[in-house]
């Protein structure tokens, strides 16, 4: 049975908090008194955690769960508003992009999707590094994924792992690696890019105007943000 939205959100929250603390699943499991396999299933949304297990995991990271209800999609608007109120430098640094990008030196790629929108100042939620990769470089990409313990997203079961890594094989182009999650757009040629700079680093990103045309999810987030700005200005 596919995971519910709540189970997926709980798993994502645990994973994000663990990554922020640079803990491994094994370290978190030991601190919470659970098995590493249980932590993996919870983070992947493969298992609905008991309240006791969830509280133990969060307490091990010095955080707690706050429960509330809201109209559907209000969470997304609230997230956009919250991101808009924060400095872009903070939003970029908390993603840990540099650490992951530094481990992709031999793979020709450019940043696209919501990640590219964020780097250009748009306050859109970003869950993973999104890159465009050429089909001709898929062998290099596959080798990198294998070397870095990549697991591919299995949409049928709602978990990472259990299917072929290679982009040519059927499945979403989404992988979990030991350095973080990567989502790829496979293409014949890399899209045109511009350069943006944050701190002492320059990033090659797909421009916002192109994102709205070629990236449905990022385009929808950008339109949602623009509509909220127009509503508030009016």
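The values are calculated or read from the model by the stated rules, or taken from the named source; none is laboratory data. Since the structure is predicted, the reported quantities are computational estimates derived from the model, not experimental observations. Ideal geometry is used to build each Cβ from the backbone, glycine not excepted, and the neighbour counts take in all protein chains shown.
Of 152, 143, all but one fail to be closer than 24 Å to residue 99 by Cβ and surrounded by 18 or more Cβ atoms within 10 Å (Cβ to Cβ); the exception is 152. Of 89, 11, 26, all but one fail to be in contact with a strand residue (DSSP E or B) (Cβ under 7 Å, 6 or more places away or on another chain) and part of a helix (DSSP H, G or I); the exception is 89. Within the range 144-171, no residue that is in the same structural domain as residue 11 (by TED's automatic domain parsing) sits with its Cβ atom under 6 Å from a residue that is at pLDDT below 95 and crowded, with 17+ Cβ neighbours inside 10 Å at 6+ positions apart or across chains.
For every residue, the table says whether it meets (1) in a helix (DSSP H, G or I); (2) out of contact with any strand residue (DSSP E or B) (no Cβ under 6 Å at 6 or more places or on another chain); (3) at pLDDT 95 or above.
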residue	(1), (2), (3)
181	no, yes, no
204	no, no, yes
209	yes, yes, no
213	yes, yes, no
227	yes, yes, no
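The listed residues are 149, 129, and the only one of them that is closer than 30 Å to residue 88 by Cβ and modelled with pLDDT of 90 or more turns out to be 129. Scanning the range 107-135 for residues that are farther than 14 Å from residue 217 by Cβ and assigned to a loop (DSSP other than H, G, I, E, B) returns 107, 108, 120, 121, 123.
Mind checking which residues of the range 79-107 are in contact with a helix residue (DSSP H, G or I) (Cβ under 6 Å, 6 or more places away or on another chain) and in contact (Cβ under 8 Å) with a residue 60 or more places away in the chain? 80, the sole residue that qualifies.
Only one of the numbered conditions (1) surrounded by 12 or more Cβ atoms within 10 Å (Cβ to Cβ); (2) within 22 Å of residue 194 (Cβ to Cβ) is violated by residue 35, and that is (2). All told, residue 189 meets the bar of being surrounded by fewer than 12 Cβ atoms within 10 Å (Cβ to Cβ) and assigned to a loop (DSSP other than H, G, I, E, B). Taking every residue in the range 1-25 that is closer than 14 Å to residue 62 by Cβ and outside the structural domain of residue 95 (by TED's automatic domain parsing) and pairing it with any residue that is modelled with pLDDT of 80 or more and part of a helix (DSSP H, G or I), at least 6 positions away or on another chain, the pairs with Cβ-Cβ distances below 7 Å are 14/42; 14/43; 14/57; 18/28. Can you find a residue that is surrounded by 16 or more Cβ atoms within 10 Å (Cβ to Cβ) and part of a strand (DSSP E or B) anywhere in the range 158-170? Among the residues of the range 158-170, at least one is surrounded by 16 or more Cβ atoms within 10 Å (Cβ to Cβ) and part of a strand (DSSP E or B), which makes the answer yes.
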